[in-house]
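This report refers to the structure that appears directly beneath it.
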Amino acid sequence: MCGIVGLFLKNPRLENSLGRLLTPMLVEMTERGPDSAGFAIYGPEPPQKRIKVTLSATEAADWESVAADFEQLFETKIEYFVRGGHAVFVLPAAEAAIRQCIAARHPGLHITSIGRHLEIFKQTGLPADVASRFGLDEMIGSHAIGHTRMATESGISAKHSHPFSAVADFSLVHNGSLSNHNGVRDRLRRAGVIFDSDNDTEVAASYIAHRLGLGRSLNDALHDALGALDGFYTFAAGSADGFAVLRDSIAAKPAVLGETADWVAMASEYRALAALPGIEKAHLWEPKPATVYSWSHDRLAQAA
Amino acid sequence: MNTAGINIIDLDTSSVRELNASLHSVAEAPSAWRVLNPHGKHSLAVGLEAAHKVLIEGHAGYYCGGMNKAAEITVRGQCGKGLGENIMSGAIRVEGNAADAAGASGRGGLIVIEGDASSRCGISMKGVDIVVKGSVGHMSGFMAQAGHLVVCGDADDDLGDSIYEADIYVGGEVGALGADCVEKEMTPDHAEILSQLLERAGVDCPAESFRRYGSARKLYNFDVDNADDY
């Protein structure tokens with residue numbers, strides 16, 4: 001069992017409250033996942049030609065020396081900020097060089113996300129403790145997904161926690177279990193994909209990222225996942241511009257969606273939505289099986 | 001609290017366990033109850049043996065009214081998974097929608113859902129009557145054994161999959177029938193049963209448009225024609 005939540009803000013005036021709104025959603029899902037928690041926040045963009053790289057450390061990290069290495073590599077001043085055991089670096093958009101630098105000079109660090117918008121924070125512990133350690137309450141942004149984990153198929157560690165990201169600005173959380181992840185992982189490895197863990201959800205994230213890399217849209221890549229991934233799942237996925245929800249064709253894993261003029265929210269259970277402003281007037285429904293539901297700021301702007 | 005003979009329990013200040021303990025402690029004296037601020041909490045008003053009238057003023061979580069024996073429970077909102085699971089008798093009414101597996105394994109009584117019900121509505125039902133004013137999701141009536149499932153709207157794919165017995169009445173469209181589920185003749189007797197169910201449920205829906213579905217009874221036993229496979 002796990003709990004998943006997602007919040008997509010339609011009203012930009014709520015963006016300063018993104019973390020404050022997401023925290024009670026995540027904490028309400030503690031009974032579904034008390035061993036680890038994590039969240040992907042789509043926050044403010046860095047300056048042009050820069051990307052945000054979120055790093056997690058298993059032990060106390062010397063972030064200053066990491067910054068010094070990046071400054072030497074890029075021959076420019078580097079900015080970063082520390083949250084809990086993670087740090088977000090604003091770096092020139094040279095993903096391969098960044099990955100190489102981390103692997104060679106700081107093997108104890110793990111890249112949780114790369115992107116213009118995305119920051120991923122995840123850790124073992126009760127959701128309330130994880131949220132407060134990272135200061136989720138204060139985080140701002142346009143949308144977010146989150147996860148509370150009760151591990152079944154792989155170990156309990158920050159690396160095994162959700163959300164997973166496998167390509168810039170893409171994040172995925174999962175409630176359920178995949179039965180063919182070893183086969184899909186092998187095929188992706190042969191195509192050159194590198195994995196950080198033996199977790200089944202990482203395979204799903206990498207599969208969808210691989211499809212996105214082939215030029216598929218997020219909606220199309222999620223449709224592809226229906227054919228390629230066998231097992232039980234409710235997924236919530238985030239991209240730079242939007243948010244999507246998908247359940248497998250049996251739809252045994254729960255999900256509820258709610259929408260008002262100001263936001264779209266999803267959760268494993270309704271009670272996680274109960275504290276949202278305007279919930280009493282929200283349109284509430286259960287997403288159908290094998291159906292992609294998605295929202296994007298671009299589409300909202302076009303419709304306006 | 002007791003105002004005008006109505007017991008009020010506010011779940012912002014009382015726990016679900018306190019609510020259920022209160023409802024169980026006065027089993028021999030049926031009374032009226034209002035439950036405030038449910039906020040989607042699970043297992044509200046479960047296992048009620050007394051003929052209480054319980055009004056839940058908001059959304060309920062999983063298993064609301066489960067194992068009900070005699071109470072009349074009304075939910076002024078939506079319900080989560082497993083509404084009235086294993087209901088024995090009594091009645092549950094939901095004014096909004098219900099999530100999946102409403103009435104699961106129910107042995108008797110009546111469940112009325114005024115909105116839509118999600119997937120697997122009436123899964124393994126064993127005698128309960130379920131009336132859904134809206135539509136139902138996929139695999140409703142899965143392995144149903146006895147009772148009636150009435151759907152005024154549409155039914156998604158795999159309706160009545162692996163059904164043993166039980167009658168399913170659908171007023172709208174049916175996506176696809178599940179394994180061993182077939183359309184059956186609507187005899188005057190069945191039309192009468194349907195009309196009575198709609199009346200008991202207080203659902204105003206013309207009975208003429210309904211079609212009846214049930215078991216082809218081909219999955220009951222091993223088919224001897226398969227013996228050649230060995």
Residue, farthest from B:LEU197 (Cα to Cα), within the stretch B:64-76, restricted to residues that are open to solvent by less than 20 Å² (accessible area, probe 1.4 Å) and within 14 Å of another protein chain (Cβ to nearest Cβ): B:CYS64
Answer from A:TYR233, A:TYR270, A:TYR207 - the residue that is within 12 Å of chain B (Cβ to nearest Cβ) and aromatic (Phe, Trp, Tyr): A:TYR270
Hits in the stretch A:273-283 (condition: outside any loop (DSSP other than H, G, I, E, B), open to solvent by 30 Å² or more (accessible area, probe 1.4 Å) and within 11 Å of another protein chain (Cβ to nearest Cβ)): A:GLU280, A:HIS283
Filter pass, A:SER165 being more than 17 Å from the chain's Cα centre (by Cα) and in contact (Cβ under 8 Å) with a residue 24 or more places away in the chain: no
Flag for A:GLU286 being open to solvent by 20 Å² or more (accessible area, probe 1.4 Å), at the interface with chain B (Cβ under 10 Å from one of its Cβ atoms), farther than 27 Å from A:GLY192 by Cβ and touching a Ser or Thr at 6+ places or on another chain (Cβ under 8 Å): yes
Hey, A:HIS106 at pLDDT below 95 and crowded, with 16+ Cβ neighbours inside 10 Å or not: yes
Selected residue (criterion: surrounded by the fewest Cβ atoms within 10 Å (Cβ to Cβ)) from residues of the stretch B:38-58 that are closer than 17 Å to A:GLU269 by Cβ and without any contact (Cβ under 8 Å) to a residue 24 or more places away in the chain: B:GLY58
Sole exception among (1) more than 14 Å from every other protein chain (Cβ to nearest Cβ); (2) open to solvent by 40 Å² or more (accessible area, probe 1.4 Å) for B:ILE9, by number: (2)
Residues located in the stretch B:77-106, provided they are out of contact with any Cys (no Cβ under 8 Å at 6 or more places or on another chain), touching a residue at least 24 places away in the same chain (Cβ under 8 Å) and away from every other protein chain (no Cβ under 14 Å): B:ILE87, B:GLY90, B:GLY106
Where a residue in the stretch A:215-227 is among the polar types (S, T, N, Q) and its partner, wherever it lies, is part of a loop (DSSP other than H, G, I, E, B), with Cβ under 7 Å and at least six apart: A:ASN219/A:VAL292
Residue identified as of a type in the set (Asp, Glu), open to solvent by less than 20 Å² (accessible area, probe 1.4 Å) and modelled with pLDDT of 95 or more among A:ASP186, A:ASP248: A:ASP248
Failed criterion for B:GLY214 (all others in (1) surrounded by 18 or more Cβ atoms within 10 Å (Cβ to Cβ); (2) part of a helix (DSSP H, G or I) hold): (2)
Subset tally (residues that are surrounded by fewer than 10 Cβ atoms within 10 Å (Cβ to Cβ) and of a type in the set (A, V, I, L, M)) for the stretch A:46-75: 1
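The values are calculated or read from the model by the stated rules, or taken from the named source; none is laboratory data. Keep in mind it's a predicted model, so treat the numbers as computed, not measured. We place every Cβ from the backbone using ideal geometry, glycine too, and count neighbours over all the protein chains shown. Each accessible area value is taken on the protein alone, full model and side chains, heavy atoms only, with ligands, DNA and RNA left out. Shrake-Rupley method; radii C 1.70, N 1.55, O 1.52, S 1.80 Å.
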